[in-house]
Every structure is written in C-alpha cells, then in structure tokens.
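**Student:** Here it is, the structure in full.
The values are calculated or read from the model by the stated rules, or taken from the named source; none is laboratory data. Everything quoted here is computed from the prediction, not taken from an experiment. Note: ideal-geometry Cβ built from the backbone for every residue, glycine included; neighbour counts use all protein chains shown. The area values use the complete protein model at the heavy-atom level, side chains included, leaving out ligands, DNA and RNA. Shrake-Rupley method; radii C 1.70, N 1.55, O 1.52, S 1.80 Å.
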Amino acid sequence: MERIPILKMGEYLLVTIQVDMHDRLAMTLQDDLTAKIVAARARGVLIDISALEIVDSFIGRMLADIAGMSRVLDAETVVVGMRPAVAITLVELGLSLTGVRTALNVERGMELLRRRIAGRNEDDAGSA
Amino acid sequence: MPVLLSEEHQIRQPEDVVLVRQAVRQKAVELGFNLVDQTKLVTAASELARNTLQYGGGGTLRLESLVDGLRRGLRLTFADEGPGIADIEQAMRDGFSTAGGLGLGLSGARRLSNEFHIDSRPGEGTRISITRWR
C-alpha cells in the first residue's frame, strides 16, 4: 500500500509530503504518525508541505488533527513550507488551522521545535 | 455565452478527486490563470469533488472554457444523482456538515469562485457549478 515516509532524527520525526494525497493516504499518514510518535518516543514532529500545491479542508483538518494528537502524546508539531498561493487560498476558503504551529521553512521549523521542547523541559525541571 | 471546449471526468473513488484536481490545474494553466487563481480553482474543485463522492455517491465533473468578449473563464459543473440537499441555505452555512467534515466545502468553494450556482432536489441529485474569470 502507498505510504508517506516518516523519518526519525533524534527525538524528531520528519515528514515531507511530496505527492498529491488522496483522502485515504492522508488518513494513513495520520495513523502512521501517531503510532510512530509513541514507538520512537518523539518529542517533535516537523511536516514539510512545500511540495503541496493545495491545502483543502480535508488536508487542513488532517494537519490540525495531527497537531492535536501529537500534543496529547507529548510531542510538538510544526508545519513548514506553505506556499504563498496556498496560504491565500486557505484563508479565503475559511480555514485558519487553529492549533497548528507553522514556520516558513525547515530550518526555522526545527529551531521552533527545539525552543519549544527546551522550554517544556525547563517547565518540567521547575515543577519537579 | 460561447463555450470553447468541454470535457467530462468521472468521480467514483477517492483517487478520482486527485485526477480532478490535476485536470482543473491543467485547464487553468492553459487558460492563463495566475498561480493564486489556479490554486483557488483547484482547491474549490477538490472540495466539490469530495462532496460529489461523499454525499452524492459519485458523479461527474464537466470542465468548460468560456469566452465572454475579451474575458476568458473556466466553469466547473459537478453533478450527481444522490439524495440531494434538503435545505440548501443550511448546507451553504460555514460549519454545516452531515459527514463529519468541517462544513467548508460548499461555502468555501463559493468564496473561491466568481460565480456559484447550486441546484438540488431531494431524491434527484445535486448540480453545482462554479466559474472563475481571468
């Protein structure tokens, strides 16, 4: 079965969506990613959508669901690389991607993940 | 209004929604739409194709290139013979969904188009057409 690869790098998972996903493939990614967060004890998930030519309400909901599920599993999600035309269309469509953190590119996304995970580690140390 | 060219696509399974997106993109490029307008057309088509599949039990998309004086346009007509929509006004509202979606399909597609027409009768099916002018 067709699948989108999930790469593990230290405590991070990296996903680059490079194909025009049909809805079932998007659902499979969501399932695979949540399973992998637990299996790999990941603290951060970075999803690169720079190859995506559109984000419609289904893909938007998938991104929001992944962010929500990973949060519950104690991992942070950042979506990076949204094309300007996609951003314009998304807002006009009426999607605000509530709860989804975004960054301009992979580099900034990784930086954001590192900062947020470091911040949470400090909180944990402070409350202990 | 003169229709220059017309073609039809079947929407029977989830993979067809992807093919519809590709066909609309190709047509929009051919007609010279800019990247933002292409993206709006493809996104609207994706929403409506999914609706056709989920609510209408499958159907067809007709793509038409339009000419109106100096203007060029692309009209997309989605038709199904499904259960139809009982309350169109309610279905057009943001956040209304019967299939657990976000309820942005119809209202979102309308916002992404210049013209929007919907014709639906319970038990007979639904026909939605959107047009974007260049």
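**Student:** Can you figure out the FRET efficiency of B:Ser6 with A:Met27, using R₀ = 35 Å and their beta-carbon distance, to the nearest 0.05?
**Tutor:** So the FRET efficiency works out to roughly 0.55.
**Student:** Rounded to the nearest 20 debye, what is the charge dipole size of segment B:3-133 about its Cα centre when +1 sits on each Lys and Arg Cβ and -1 on each Asp and Glu Cβ?
**Tutor:** 360 debye
**Student:** Oh, and also: Under the 0.36 nm per residue contour assumption, what length would be gained going from the current alpha-carbon distance of A:Arg120 and A:Lys8 to full extension?
**Tutor:** That pair, A:Arg120 and A:Lys8, stretches by 38.3 nm at full extension.
**Student:** Show log10 I(q)/I(0) for the protein assembly as shown at q = 0.09, 0.14, 0.16, 0.17 Å⁻¹, two decimals, from a solvent-free Debye sum over equal Cα scatterers.
**Tutor:** Relative scattering, expressed as log10 I(q)/I(0), comes to -0.45, -0.94, -1.15, -1.25.
**Student:** Same structure again: Along the charge dipole of segment A:1-116, which of A:Ile6, A:Ala40, A:Ala85 sits closest to the positive end, that is, farthest toward it, with unit charges on the beta carbon of Lys, Arg, Asp and Glu (+1, +1, -1, -1)?
**Tutor:** A:Ala40
**Student:** Would you mind giving the three semi-axes, in whole Å and largest first, of the ellipsoid equivalent to segment A:6-127 according to its Cα gyration tensor?
**Tutor:** Equivalent ellipsoid semi-axes, largest first: 24, 16, 13 Å.
**Student:** Same structure, new question: Peptide B:46-52: average number of partner chain Cβ atoms within 10 Å per residue?
**Tutor:** For this peptide, the per-residue mean of nearby foreign Cβ atoms is 3.
**Student:** Which of the helices in chain A, when you take each full DSSP H run, stretch at least 20 Å along the axis at their Cα atoms and have an average Kyte-Doolittle score of 0.5 or higher? Kindly include the intermediate steps, with their values, before the conclusion.
**Tutor:** Values: long enough: A:23-39 (24 Å, 0.21); A:57-72 (22 Å, 0.77); A:106-127 (31 Å, -1.08).
Flagged H segments are A:57-72.
**Student:** Can you give the average number of partner chain beta-carbon atoms within 10 Å of each beta-carbon in peptide B:13-21, as a whole number?
**Tutor:** 4
**Student:** Can you tell me which lysines have their Cα less than 20 Å from the Cα of B:Lys27? Leave out same-chain residues fewer than eight positions away.
**Tutor:** The qualifying lysines are B:Lys40.
**Student:** Please list A:Tyr12, B:Tyr55 from largest to smallest accessible area, probe radius 1.4 Å, with all protein chains kept in place. Mind dumping the intermediate values first?
**Tutor:** Working: A:Tyr12 25, B:Tyr55 85 Å².
Correct descending sequence by accessible area is B:Tyr55, A:Tyr12.
**Student:** Given the protein assembly as shown, what percent of its DSSP beta bridges are antiparallel, to the nearest 5?
**Tutor:** 75 percent
**Student:** Report the Stokes-Einstein translational diffusion coefficient (µm² s⁻¹, integer) for segment B:3-133, Rh taken as the Kirkwood radius over Cα pairs, at 37 °C with viscosity 0.692 mPa s.
**Tutor:** For these conditions, the coefficient is 225 µm²/s.
**Student:** Hey, another quick one. Could you give me the ³J(HN,Hα) list for segment B:54-71, computed from phi with Karplus coefficients 6.51, -1.76, 1.60 and θ = phi - 60°, whole Hz, x at Gly and Pro?
**Tutor:** 6, 9, x, x, x, x, 9, 10, 10, 9, 10, 8, 10, 10, 9, x, 8, 7
**Student:** Would you work out the Kirkwood radius for segment B:13-56? I mean one over the mean of 1/r across all pairs of different Cα atoms, in Å.
**Tutor:** 10.5 Å
**Student:** Considering the options B:Ser113, B:Gly95, B:Thr126, tell which one lies farthest towards the positive end of the dipole of segment B:53-134, charges being +1 on Lys and Arg and -1 on Asp and Glu at the Cβ, about the Cα centre.
**Tutor:** Positive-end residue among those listed: B:Ser113.
**Student:** OK, next. What nm distance separates the two modelled labels at A:Glu92 and A:Gln18, each placed 7 Å from Cα along Cα→Cβ?
**Tutor:** Using points 7 Å along Cα→Cβ, the separation is 3.0 nm.
**Student:** Now for a separate question. In terms of solvent-accessible area of protein heavy atoms at a 1.4 angstrom probe, what is the ranking of A:Lys36, B:Lys40, highest value first?
**Tutor:** Sorted descending by solvent-accessible area, the residues read A:Lys36, B:Lys40.
**Student:** Moving to a separate point now. Please state the relative contact order of chain B as a whole percent: Cα pairs under 8 Å, 6+ residues apart?
**Tutor:** RCO, chain B: 26 percent.
**Student:** Roll a 1.4 angstrom probe over the protein heavy atoms and tell me the percent of accessible area of chain B that is carbon or sulfur.
**Tutor:** Percent of accessible area from carbon and sulfur atoms in chain B: 47.
**Student:** Mind checking which aspartates and glutamates have their Cα closer than 16 Å to the Cα of A:Lys36? Skip sequence neighbours fewer than 8 apart in that chain.
**Tutor:** Within the straight-line cut-off, A:Lys36 pairs with A:Glu11, A:Asp65, A:Asp74, A:Glu76.
**Student:** Something else about it: Report the net charge of residues surrounding B:Leu5, where surrounding means a beta-carbon distance below 12 angstrom and charges are Lys +1, Arg +1, Asp -1, Glu -1. Numbers along the way, then the final one.
**Tutor:** On the way: positive: B:Lys27, B:Arg62, B:Arg72, B:Arg75; negative: B:Glu7, B:Glu8, B:Glu30, B:Glu64.
It works out to a net charge of 0.
**Student:** Say we join alpha carbon atoms closer than 10 Å with springs in a Gaussian network model of chain B; which of B:Leu66, B:Leu106, B:Leu35 then has the biggest fluctuation?
**Tutor:** B:Leu35
**Student:** Roughly how large is the A-B contact in terms of buried accessible area, totalled over both chains, probe 1.4 Å, nearest 100 Å²? Mind dumping the intermediate values first?
**Tutor:** On the way: alone 7450 and 7250 Å², together 12700 Å².
Adding both sides of the contact gives about 2000 Å².
**Student:** Continuing with this model, one more query. Taking Cα pairs under 8 Å and at least six residues apart, what relative contact order does chain A come out at, in percent?
**Tutor:** About 23 percent, as a whole number.
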